[in-house]
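Student: Right, I'll just put the structure down here and ask away after.
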């Protein structure tokens, strides 16, 4: 599989951190991808991380979802525990890679895709390319291809790309990042927690998160050339915190997610005002697990009416 990229790329040559504390590797097109699955049954729920996030950030909600269906977390090529490669990549390349991983792992489709943030772009592209493989969507404050149409110019995708921190800023941020992840992962099993904290603040992982953010506008353009999401059950979790400085962005996101769920026959928007974008799965795992359960059950009913 080729990178199929249309944007400038940034090398990702730093060594991959130590072996993952859970899960393992699957070779896809000559590269190792990290994956961890739990539970059984279908349709399987597949978590697509945001930029700077990794599969095991969703370990807590994965455990909850695994009680009623198969739940899969993974790291895209170039991120997390997976093999390094140049970033950013096209959404088509990421979607094809994910489909190859799921097939290599013998995880039967169709799937309930559970994207967070940047993962929304990749989930949408997966649905454009393989609509028959999508049983439903749980949109966790995900990015939309029409983002710029709902947001002020100061919050455009290009503005977000330019706001990414440089190397010096990254070094200054590292102690604060360690403190943040120590708090977020406080309830993780000890054998997983410390290993993941160390990896999350490593140079390789933080640089890959920044590199993925440099292609946002190009990804939106790529998606605009294809169709909308298929007519499958959708629940959108929209995070709207109480900071008045972000009110305009929250209003735009609320309208954007409302349009998304309104484009399908069985769509629902759920507003969450007691968490933040990057803390959604840590503060409100109950809301995420319930949304996945509802979409899985609706997908099951549509398959066996």
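Every read-out reported here was derived from the displayed coordinates using simple, explicitly stated rules and does not represent laboratory data. Everything numeric here is computed off the predicted structure, so don't read it as measured data. Backbone-built Cβ (ideal geometry, glycine too); neighbour counts: all protein chains shown.
Student: What is the calculated FRET efficiency for residue 158 to residue 40, with r their C-beta to C-beta distance and R₀ = 35 Å, to the nearest 0.05? Working shown, then result.
Tutor: Details: r = 44 Å, r/R0 = 1.24.
Computed FRET efficiency for residue 158 and residue 40: 0.20.
Student: What is the spin-label model distance, in nm, from residue 176 to residue 129 if the labels are put 7 Å beyond Cα along the C-beta direction?
Tutor: 3.6 nm
Student: Another one. Simple spin-label model, 7 Å along Cα-to-Cβ: residue 290 to residue 67 in nm?
Tutor: 1.3 nm
Student: If each of residue 246 and residue 191 carries a label point 7 Å out from its Cα toward its Cβ, how far apart are those two points in nm?
Tutor: Computed distance between label sites residue 246 and residue 191 equals 3.6 nm.
Student: Additional query: Sort 217-227, 166-176 by the packing proxy (mean of other Cβ within 10 Å over each peptide's residues), most packed first.
Tutor: On the way: 217-227: 16.7, 166-176: 11.4.
Descending packing order for the listed peptides: 217-227, 166-176.
Student: Measure out, as a whole number of angstrom, how far apart the alpha-carbon centroids of segment 75-105 and segment 141-163 sit.
Tutor: Comparing the Cα centres of segment 75-105 and segment 141-163, I get a distance of 24 Å.
Student: Shape call for the chain from the C-alpha gyration tensor, a ≥ b ≥ c root eigenvalues: rounded (a/c under 1.5), prolate (a/b greater than b/c) or oblate? Intermediate results must be reported in sequence, preceding the final value.
Tutor: Details: a/c = 1.25, a/b = 1.10, b/c = 1.13.
The shape class here is rounded.
Student: Restricting to DSSP H runs of at least four residues, report the calculated mean residue ellipticity at 222 nm for the chain, -39500 (n - 2.57) per run over all residues, nearest 500 deg cm²/dmol.
Tutor: Values: 12 runs with 129 residues, N = 305.
So the calculated ellipticity at 222 nm is -12500 deg cm²/dmol.
Student: Please work out the C-alpha center-to-center distance from segment 181-210 to segment 261-305 and express it in whole Å.
Tutor: That distance is 26 Å.
Student: Quick one: of the DSSP bridges fully inside segment 24-303, what percent are antiparallel, nearest 5? Before the final figure, lay out each step's value.
Tutor: Working: 9 of 29 bridges.
Percent antiparallel among DSSP bridges in segment 24-303 is about 30.
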